[in-house]
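Every number here is computed from the coordinates shown, using simple stated rules; none is lab data. As the structure is a computational prediction, the values presented were derived from the model and not from experiment. Glycine also receives a Cβ, built like all others from the backbone with ideal geometry; neighbour counts cover every protein chain displayed.
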Amino acid sequence: MLNQPARSLGVHIILIAYSALALGPILLVVMNSFKARNAIFGAPLAPPNATTFSLVGYAKVFKASLIGTYFANSLIVTLVSMFLVLLFGAMAAWALTEYKFRGSTALALFLSIGIMVPIRLGSVAILKMMRAAGLNDTLTALILVYVAQGLPMSIFILSEFVQQIPKDLRDAARCDGVPETRIFFEVIAPLLRPAIATVAVFTIVPIWNDLWFPLILTSSDSTHTITLGVQQFLGQYITDWNSVLAALSMAILPVVAIYVIFSRQLISGLTAGAVK
Amino acid sequence: MAGLHIDKINKSYGPARVLADIDLSIVDGEFVVLVGPSGCGKSTLLRMIAGLDAPTSGDIFIGNRLVNALAPAERKIAMVFQSYALYPHMDVRKNMTFGLKFTGVEPSERERRVAEAARMLRLEDLLGRYPRDLSGGQRQRVAIGRAIVREPDVFLFDEPLSNLDAALRVSTRVEIARLHRLLGATMVYVTHDQIEAMTLADRIVVMNQGQIEQVGKPLELYYTPANLFVAGFIGSPAMNFFPAEVESIEGDKVRAKGPTIARVTLPAGSLTRGSKLTIGVRPEHLTAGAPGDFSTTGAVELVERLGEASYAHVRRADDKLMVAEIRGRDTPAPGQTVTFSAPAEDVHVFDEAGRRL
């Protein structure tokens, strides 16, 4: 058994190493986005200094591309998908734990299969379906796909949390004459807030970062998302690294912002005082 | 305000029968306590009255309305839970008014009711607090307040004091008794604690294994328990039981003997020679030394001193322990052999099936 300081030192070394590993590439991207092209290649690990500092990448991105549209598209798709995943996920989690109906177990099982089967396997079928529905090259198509992709996991996680909510609360609300929908929205949902924040973070990161579905489902500039938009700077023969790094640096910001917003909600112990 | 009538209620979960043919009538304004060991079905019965569980068969009437098909809110009941079940994200005032919003009570009326309930339960200073900032006793008072503002026909309490510490339990018990007097409402109260049952109830319903063993006033149950279960359940420490057999009948006197009984003389009744009996005597009715119609001897093993009385745990001839209450300062020493006796009127006699004779 190690003594306490040595133990905590070891833990900290591991955590610092991991943080460096995770943050290193991001730091490189952000750092190099503020450098001139030669400096990027000359000394990729050096931070920008007075001679190498340049905003050329950002200037190009804003001038040469529809970056504003891409950003807006990414935000719309991510936020609408997140909202729908959370709403339907929480409602389904509540329904599946609270109401026992014919086929409820089968339905829960069917939904958890969605966690195991990667949605990309269905890409061709999804593309055909969207074509047939006249939805290809629309943000709606992306939103539908992402909702389908996010729901199984969110139902799974939220069900666990719903089960932890004391049954007496729901019984008390019923005795109080609160209608079932209001029980969900005004008693259960507020208590699920920490869980919902967790699921929100889990849901938005892969959606924001996704390249695959925008690539196959959107074709025009007006529907591209930021991840796809960045690709136009990556050529077969020349890559405009200034622009790529500038666009990527900017693409990080909204996710960080959303994470900060939701992490405030990740307060445990919100149910303290409900029972016992 | 209304009475409550339960007619042949059954409840089964698959093959397991939780409640069997329960019949019970509660008059308007009565305080009825359902008491029994855990798993006896008392909470299930309460939840069915509330409408939170449906009976497998049978009818429930509140007032004169058949309420089987009605939702909890439509039954004009209010329930107080063991876990308080306060809405954690609402302050005390909101906790009390939340349900009223949906039952069409005007805001001014809501305020009036909350103010009145808060005054009754001394919650005025707590209205703006959240449940997490309240002590256990305060939370339970808020839960009771939430029931009061609904102005229900019937109050249902599901072990409301079980989560409170001993001192609070006593004061909240008094509070509930006071409230019953004040409101004059019909109350059904579930507990496994027979002291709560004895102190609060107008009538006690003793339940065991899904059936009602006896219904009666607290002292009726204490002095004339209908069977061995009730005799053993009501009273603390529990009644001592002694196996016995009728030895001889002389006129209107019966002599019985048993391995742990020195002597017992009983009124004749329907006993015949050789009938097997169980004799029950409460600890508080056993007196050391004095002569009596019943007497038994054993070695004192342990003496618990409570102050106003002491409990002597006595090893009997059949190696089981019995308890005798000893008043006063003279307590027997452990190891001492003592003869305890009781007068015939304090001796309970049960037949082979456990029914009172």
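Computed quantities for the displayed model
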{"quantity": "The protein assembly as shown - mean residue ellipticity at 222 nm from DSSP helices (-39,500 (n - 2.57) per run, n ≥ 4, rounded to 500)", "calculated": "-13500 deg cm²/dmol"}
{"quantity": "Pairwise FRET efficiency - residue A:16 versus residue A:63, Cβ, R0 = 30 Å, nearest 0.05", "calculated": "0.15"}
{"quantity": "Cα Rg, Dmax (largest Cα-Cα span) when computed across region B:212-290, Å", "calculated": "13.8, 39"}
{"quantity": "Estimated inter-spin distance, residue B:195 and residue A:185, nm [label 7 Å along Cα→Cβ]", "calculated": "4.8"}
{"quantity": "Cα Rg, Dmax (largest Cα-Cα span) when computed across region B:4-233, Å", "calculated": "17.6, 54"}
{"quantity": "Spacing of the two label points (7 Å from each Cα toward its C-beta) at residue B:337 and residue B:308, in nm", "calculated": "3.5"}
{"quantity": "Neighbourhood net charge (9 Å Cβ-Cβ; Lys/Arg +1, Asp/Glu -1) for residue B:99", "calculated": "+2"}
{"quantity": "Where chymotrypsin sites (Phe, Trp or Tyr not before Pro) in DSSP loops with at most 11 other Cβ within 10 Å are excluded, longest remaining stretch of chain A", "calculated": "A:102-236"}
{"quantity": "Relative contact order computed over region A:157-202 (Cα-Cα under 8 Å; 6+ residues apart), in percent", "calculated": "55"}
{"quantity": "Rounded to 5, the percent of DSSP beta bridges in region B:109-224 classed as antiparallel", "calculated": "50"}
{"quantity": "Distant-in-sequence amide H partners of residue B:157 (H built 1.01 Å from N, under 5 Å)", "calculated": "B:80, B:188, B:189, B:190"}
{"quantity": "Contour excess over end-to-end distance, with Cα ends at residue A:8 and residue A:121 and 0.36 nm allotted per residue", "calculated": "36.3 nm"}
{"quantity": "Principal-axis tilt of helix A:123-132 within chain A, Cα atoms, nearest 10 degrees", "calculated": "80"}
{"quantity": "Whole-number percent relative contact order across region A:63-265, with pairs defined as alpha carbons under 8 Å at least 6 apart", "calculated": "33"}
{"quantity": "Beta bridge orientation in region B:4-233: antiparallel %, DSSP, nearest 5", "calculated": "50"}
{"quantity": "Counting all C-alpha pairs of the protein assembly as shown, share separated by more than 46 Å (%)", "calculated": "45"}
{"quantity": "Cβ-based exposure ranking for B:23, B:91, B:330, in which fewest neighbours within 10 Å come first", "calculated": "B:330, B:23, B:91"}
{"quantity": "Assigned charges on the beta-carbon of Lys, Arg, Asp, Glu; chain B dipole about Cα centre (debye)", "calculated": "720"}
{"quantity": "Charge-dipole axis of the protein assembly as shown as Lys and Arg at +1 and Asp and Glu at -1 on Cβ define it, positive-most pick from B:298, B:357, A:9", "calculated": "A:9"}
{"quantity": "Gap separating the Cα centres of region B:144-201 and region B:10-81, nearest whole Å", "calculated": "17"}
{"quantity": "Distance in nm between pseudo-label sites at residue A:109 and residue B:301 (7 Å out along the Cβ direction from Cα)", "calculated": "5.4"}
{"quantity": "Degrees, to the nearest 10: B:107-120 long Cα axis against longest axis of chain B", "calculated": "30"}
{"quantity": "Rounded to 5, percent antiparallel among DSSP beta bridges of the protein assembly as shown", "calculated": "80"}
{"quantity": "Whole-angstrom gap from region A:1-70 to region B:270-325, using each part's C-alpha centre", "calculated": "85"}
{"quantity": "Inter-chain Cβ neighbour average for residues B:85-96, partner chain, 10 Å", "calculated": "5"}
{"quantity": "Relative contact order for chain B, counting Cα pairs under 8 Å that sit 6 or more residues apart, in percent", "calculated": "15"}
